[in-house]
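Heads up, the thing below is written out as structure tokens.
Values quoted throughout were computed directly from the atomic coordinates according to the rules given, and no laboratory measurement underlies them. Being a predicted model, the structure only gives us computed values, none of them experimental. Backbone-built Cβ (ideal geometry, glycine too); neighbour counts: all protein chains shown.
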Amino acid sequence: MTRIAILGATGSLGSQVARLAVAAGNEVSVLVRTPSKLAAQVAQDAAITTGDLLNMPAAQLARFLDGHDVMISCAGLVTDGQGFVDLVDRVVSAVELLPSVRRPLCWFLAGAGLLDIDATGRRGLDLPKVRTTYWPHRANFERLQRSSIDWQLLCPGPMVDQPALGIERLRVSVERLPVEMPAVTRFLPGPFVLPVFASKIPQMIIPYADVAAFMLANVNRGGPMSRKRVGLALPAGMKGKKEHWTARTPTPMARR
């Protein structure tokens, strides 16, 4: 039995994480502002702490996290800008307050734009338009790199409320995009790379259930994903659909 602490357990992704974690028989704790929004099974089987993550002192959050094997943070919106950066900093700071032997393995989320798109190390976040909205992912990544905690940073594309495919079918990458960009893009300026990057996003539209299952299936300390960015893509040849998405408006992950 794994002791799992979940932040953002009433959101689109967090609710899936909580449901799957409870169903698997783990010892689950959730920190939520509104317990009435929890799924019935989670409300019945999880240990519930009521609190506002945005205003909770780091020491109080550290006490909530203490004693868990894993922490999965699904809280926050990248579109909140500095507010999202402050939230992630609060969570990281809370984990840092714990003695190293009592710190959980920590899953955080960013977006596909944070992954390297070619051998030069250029990222989707370096492209025009993408960086304007998704810059908090870079700030959060840099905060994690400065920390000494054991973290894993999942960087899916847009997530959708659709039936799970099964994580064994997904393409998984570490540090790089999980889809191939044309070799010529490394020689092109950002404005010319943007539409190519946007054209790859449909391959990275992942069901919430698969994202949740993937994190729960990878909770071993010191593994190949430790302190790494991780990408997910659909099986080769498959494309997903997300309402309101077009090739002109890439959404590496607008909502947490």
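Here is how the numbers come out for the structure above:
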{"quantity": "The chain - Debye-derived log10 I(q)/I(0), Cα point model, q = 0.11 Å⁻¹", "calculated": "-0.55"}
{"quantity": "Residue-wise HN-Hα coupling along segment 136-145, computed from phi with Karplus coefficients 6.51, -1.76, 1.60 (Hz; x: Gly, Pro)", "calculated": "x, 4, 5, 4, 5, 4, 5, 5, 5, 4"}
{"quantity": "For V28, distant residues with modelled amide H under 5 Å away", "calculated": "I4, A47"}
{"quantity": "Estimated FRET transfer efficiency when R0 is 41 angstrom, pair R63-M238 (beta carbons, to 0.05)", "calculated": "0.40"}
{"quantity": "Protection proxy ranking of 145-153, 208-216, 195-203, 70-78 - average other beta-carbon atoms within 10 Å, highest first", "calculated": "70-78, 208-216, 195-203, 145-153"}
{"quantity": "Cut-off under 5 Å, modelled amide H: who pairs with R123 long-range", "calculated": "I117"}
{"quantity": "Taking the convex hull of Cα positions in segment 108-150, its mean projected area over all directions (nm²)", "calculated": "3.4"}
{"quantity": "Percentage relative contact order, the chain, counting C-alpha pairs under 8 Å, at least six apart", "calculated": "22"}
{"quantity": "R0 of 22 Å, Cβ-Cβ distance T50-A139: FRET efficiency to nearest 0.05", "calculated": "0.15"}
{"quantity": "Nonlocal amide H pairs with A9, under 5 Å, H built at 1.01 Å", "calculated": "L31"}
{"quantity": "Fluctuation leader among L188, L170, L98 - the chain, Gaussian network, Cα springs under 10 angstrom", "calculated": "L188"}
{"quantity": "Per residue, the convex hull volume that the Cα atoms of segment 1-55 enclose (Å³)", "calculated": "65"}
{"quantity": "Residue-by-residue Karplus 3J(HN,Hα) for segment 178-186, coefficients 6.51, -1.76, 1.60, Hz, glycine and proline x", "calculated": "x, 10, 7, 9, x, 4, 5, 4, 5"}
{"quantity": "Gain upon complete extension [V172, K129; 0.36 nm per residue less C-alpha separation]", "calculated": "12.9 nm"}
{"quantity": "The chain: angle of helix 12-23 to the longest principal axis, Cα-based, in degrees nearest 10", "calculated": "50"}
{"quantity": "Nearest 10 degrees, 0 to 90: helix 190-200 Cα axis against the chain principal axis", "calculated": "60"}
{"quantity": "C-alpha center-to-center spacing [segment 1-30, segment 58-79] in angstrom", "calculated": "12"}
{"quantity": "Computed over segment 105-167: relative contact order in percent, which uses C-alpha pairs under 8 Å that are six or more apart", "calculated": "47"}
